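I have placed the structure first, in the form of structure tokens, so that the comments after it can refer back to it.
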Amino acid sequence: MDLPAGAQYYLCGPLPFMQNTRSDLIAAGVPSRNIQYEVFGPDLWLAAPV
């Protein structure tokens, strides 16, 4: 994988997708500090009954 040096990566999606993508980026030499993420999925906190 040919990635630009010093690039920042922003991931958004289901947890398995982001885990795999983050692992691939780290294996390609991207420092973990350059990888940000936001989980995309159901909001279980708001859906919880009161």
Can you list the residues, at least 5 places off or on another chain, whose amide H is less than 5 Å from the amide H of TYR9, using H built in the peptide plane? ILE35, GLN36
Output ordering of 27-33, 12-18 (per-residue mean of other Cβ within 10 Å, highest first) is 12-18, 27-33
Using 0.36 nm times the number of residues separating GLU38 and ASN20, minus their current alpha carbon distance, what extension gain do you get? 5.1 nm
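Every read-out reported here was derived from the displayed coordinates using simple, explicitly stated rules and does not represent laboratory data. Since the model is a prediction, treat every value here as computed from it, not as a measurement. Note that each Cβ is placed from the backbone with ideal geometry, even for glycine, and that neighbours are counted across all protein chains shown.
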